[in-house]
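Quick notes on the structure that follows.
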Amino acid sequence: MRILRVPGVFVPRSDTWLLAAHLRRQPQARGAVLDVCTGSGALAVAAALASATSVTAVDVSRRALLSARINARLNGVKVRTRRGSLLDAVPGERFDLIVSNPPYLPGDDTDVSGEARHIEGGFDGRELLDRLIAAAPAHLNPGGLLMVTHSSINGEEETLERMREAGLTPGVVAREDGPLGPLLSARARTLEDRGLLAPGERREDLLIVAGSA
């Protein structure tokens with residue numbers, strides 16, 4: 001898979017590729033797939049290459065959607081793009097698989113805009129994640145699956161509980177332990193002050209959590 005990036009679009013990192021690898025293993029990936037917060041379109045292209053019957057990529061950024069279209073053509077697959085905020089971009093539509101690697105870096109406030117919206121998910125990093133989980137069941141076919149990725153500093157148990165509250169059956173699909181990435185490392189002291197990191201802790205788990213309808 002070849003991925004190019006329009007300037008100003010977030011560069012796919014290890015969490016993107018981890019989710020891409022695991023989405024291919026899901027039987028739902030051969031149905032209708034939705035990639036939310038698509039960025040470069042890497043997950044959408046991965047789903048299309050995994051023989052999805054249809055793939056839709058959603059983002060608020062016009063540059064991101066342009067990247068997704070370019071990368072779909074570069075890889076010889078078809079991806080439909082829709083601009084909008086999360087699932088508001090596909091009103092009334094349902095999918096077999098919804099995947100998302102949303103911005104989850106804890107930021108300074110909940111009003112995220114500009115370049116920060118590529119990486120920040122509000123004060124605790126859960127702003128977009130929680131909205132997506134709450135809205136997903138209304139956009140999943142019976143037996144459909146929501147797959148999201150985030151850091152352990154965002155709260156693994158909270159994600160599992162929010163999926164249960166939304167009516168999904170949750171589980172951790174993948175977990176990779178490693179040192180904090182450069183973005184989180186730069187804010188480690190702030191994260192300690194907020195109680196998101198233990199004093200002196202400089203490691204995290206990269207998680208993929210799935211919720212089944």
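Readers should treat all values here as calculations from the given coordinates under stated rules, not as data from a laboratory. Given the structure is predicted, the values throughout are model-derived calculations rather than measurements. Note that each Cβ is placed from the backbone with ideal geometry, even for glycine, and that neighbours are counted across all protein chains shown.
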Residue by residue through segment 152-157, the couplings from Karplus 6.51 cos²θ - 1.76 cosθ + 1.60 with θ = phi - 60°, in Hz, x for Gly and Pro, are 4, 5, 7, x, 4, 5
Checking rank on 150-162, 174-186, 39-51, 78-90, with mean other Cβ inside 10 Å and highest first, the result is 39-51, 150-162, 78-90, 174-186
Ala135 and Asp177 label points (each 7 Å along its Cα→Cβ direction) are spaced in nm at 3.6 nm
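Take the Cβ-Cβ distance between Val11 and Ala198 as r, set R0 to 30 Å, and report the resulting FRET efficiency rounded to the nearest 0.05.
0.55
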Taking placed amide H atoms and a strict 5 Å upper bound, the residues 5 or more places from Ile3 or on another chain that come that close are none
Per the charge dipole of the chain (beta-carbon charges, Lys/Arg positive, Asp/Glu negative, Cα centre), the residue among Gly211, Gly121, Thr38 reaching farthest to the positive end is Thr38
Output for segment 20-110 (equivalent-ellipsoid semi-axes, sqrt of 5λ from the C-alpha gyration tensor, Å, descending) is 20, 15, 13
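Tell me, Val77, Val55 in order of fewest to most beta-carbon neighbours within 10 Å?
On the way: Val77 20, Val55 30.
Listed from fewest to most nearby Cβ atoms, that is Val77, Val55.
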Connecting every pair of Cα atoms under 10 Å apart in the chain and solving the GNM, the largest mean-square fluctuation among Val33, Val148, Val172 falls on Val172
Bridge orientation stat for the chain from DSSP, antiparallel percent rounded to 5, came to 45 percent
Which of [x] 40, 18, 14; [y] 26, 20, 16; [z] 29, 23, 15 is the computed semi-axes √(5λ) of the Cα gyration tensor in Å? It is [y]
The size of the Cβ-based charge dipole (Lys, Arg +1; Asp, Glu -1) of the chain about the Cα centre, to the nearest 20 debye, is 1300 debye
The long-range amide H neighbours of Leu105, using H built 1.01 Å from N in the peptide plane and a cut-off of under 5 Å, are Glu120, Gly121
